[in-house]
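K.L.:
Just dropping this structure here.
The values are calculated or read from the model by the stated rules, or taken from the named source; none is laboratory data. These numbers come from a predicted model, not from an experiment. No Cβ is skipped: glycine too gets one built from the backbone with ideal geometry, and neighbour counts run over all protein chains shown.
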């Protein structure tokens, strides 16, 4: 069986998808399309893939079974809907959509059409997350989590990921942080959020910093801090989970487990080959029915938590997460 696939987008994720798909003999890449036709043409020539001028032309292309959506966040929801309405299997980089109710409709549509809808969350198959899951039992019932990521950029680029209209609410655009926490700790009871965005003029921002507090249904309290752009200065990816029997922390890929029996150094595997692993998993699912590591409902729930964070920030008060 041959799976005929197309890619929407020409950025980093699109390149990684193409590289992974080329390693799978059962897949044939038939087209690439982009919001920028010139960029699509250049990308297609580099990767030796046919290009189409727009998504309307893509849906008419035959044969076509599977579409990878790797473009700007603001276009995800509409493109997923178009693909499902044309009975295509869909892989989309998170977030599924910038509107949570639209996301719910897409999950329902995929179920109705019996099409695959896979929202990429490669953080869940990375070495850090797997190492955390292996050692969670050692700390007992978790009660406090501190998770912060900072990404400096000097100067901040004028690209879509720094454009509020295209990237969306920053904690929603950085949905992997919430997804990691919900995967480890389960559903969220209520949230609070504060944030600031420093505009750079026109349609872009120079810096964003957000501080969120999530109270989980199991009683754990998590502080989630996210920032990127100018004035951040030092890159950081740090997480600690304190429990009744110990503490598990990671600074980058270097971790430490502290319990009554002492300290244990943990080194997580580097973040390499995750798009390849994700892509191969999708093909294995389509060909052989192998279960995927994440369900669209899981990502939709994290999207709902992010939307509640936005509501809490706008209202200036704690808000209960529905659903």
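K.L.:
Go through the residues of the stretch 86-100 one by one and say whether even a single one is in a helix (DSSP H, G or I) and under 28 Å from residue 163 (Cβ atoms).
P.N.:
yes
K.L.:
If I ask for residues that are touching a helix residue (DSSP H, G or I) at 6+ places or on another chain (Cβ under 7 Å) and in a helix (DSSP H, G or I), which ones from the stretch 20-42 would you list?
P.N.:
Residues satisfying the conditions are 20, 21.
K.L.:
Would you check if there is a residue in the stretch 204-223 being part of a loop (DSSP other than H, G, I, E, B) and modelled with pLDDT under 95?
P.N.:
No: zero hits.
K.L.:
If I ask for residues that are assigned to a loop (DSSP other than H, G, I, E, B) and either in contact with a helix residue (DSSP H, G or I) (Cβ under 7 Å, 6 or more places away or on another chain) or surrounded by 13 or more Cβ atoms within 10 Å (Cβ to Cβ) (or both), which ones from the stretch 43-69 would you list?
P.N.:
Residues satisfying the conditions are 49, 50, 52, 53, 61, 64, 65.
K.L.:
Right, something else. Go through the stretch 211-220 residue by residue and tally those that are crowded, with 21+ Cβ neighbours inside 10 Å and in contact (Cβ under 8 Å) with a residue 60 or more places away in the chain.
P.N.:
Applying the first criterion (crowded, with 21+ Cβ neighbours inside 10 Å) to the stretch 211-220 yields 212, 214, 216, 220.
Right, trim to in contact (Cβ under 8 Å) with a residue 60 or more places away in the chain and you get 212, 214, 220.
Counting residues in the stretch 211-220 that are crowded, with 21+ Cβ neighbours inside 10 Å and in contact (Cβ under 8 Å) with a residue 60 or more places away in the chain gives 3.
K.L.:
Also, quick follow-up: Scan the stretch 190-201 and tell me whether some residue there is under 20 Å from residue 140 (Cβ atoms) and either surrounded by fewer than 16 Cβ atoms within 10 Å (Cβ to Cβ) or outside the structural domain of residue 77 (by TED's automatic domain parsing) (or both).
P.N.:
There is no residue in the stretch 190-201 that is under 20 Å from residue 140 (Cβ atoms) and either surrounded by fewer than 16 Cβ atoms within 10 Å (Cβ to Cβ) or outside the structural domain of residue 77 (by TED's automatic domain parsing) (or both).
K.L.:
Evaluate the following for residue 245: is it under 30 Å from residue 154 (Cα atoms), touching a helix residue (DSSP H, G or I) at 6+ places or on another chain (Cβ under 9 Å) and in contact (Cβ under 8 Å) with a residue 24 or more places away in the chain?
P.N.:
Taking the combined requirement at face value, the residue does not satisfy it.
K.L.:
Going through the stretch 272-297 one residue at a time, which ones are out of contact with any helix residue (DSSP H, G or I) (no Cβ under 7 Å at 6 or more places or on another chain) and either closer than 18 Å to residue 93 by Cα or part of a helix (DSSP H, G or I) (or both)?
P.N.:
Of everything in the stretch 272-297, those that are out of contact with any helix residue (DSSP H, G or I) (no Cβ under 7 Å at 6 or more places or on another chain) and either closer than 18 Å to residue 93 by Cα or part of a helix (DSSP H, G or I) (or both) turn out to be 272, 273, 281, 282, 283, 284, 285, 286, 287, 288, 295.
So that you can scan it fast, the table gives a plain yes or no per residue for (1) at negative phi; (2) outside the structural domain of residue 248 (by TED's automatic domain parsing); (3) part of a helix (DSSP H, G or I):
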position	(1), (2), (3)
102	yes, yes, yes
105	yes, yes, yes
148	yes, no, no
156	yes, no, no
166	yes, no, yes
180	yes, no, yes
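K.L.:
Say whether the condition of being in a strand (DSSP E or B), crowded, with 16+ Cβ neighbours inside 10 Å and without any contact (Cβ under 8 Å) to a residue 12 or more places away in the chain is met by at least one residue in the stretch 263-271.
P.N.:
Scanning the stretch 263-271, I find no residue that is in a strand (DSSP E or B), crowded, with 16+ Cβ neighbours inside 10 Å and without any contact (Cβ under 8 Å) to a residue 12 or more places away in the chain, so the answer is no.
K.L.:
So residue 317 fits all but one of (1) free of Cβ contacts under 8 Å to residues at least 24 places away in the same chain; (2) outside any helix (DSSP H, G or I); what number is the exception?
P.N.:
Of (1) free of Cβ contacts under 8 Å to residues at least 24 places away in the same chain; (2) outside any helix (DSSP H, G or I), only one is false for residue 317: (1).
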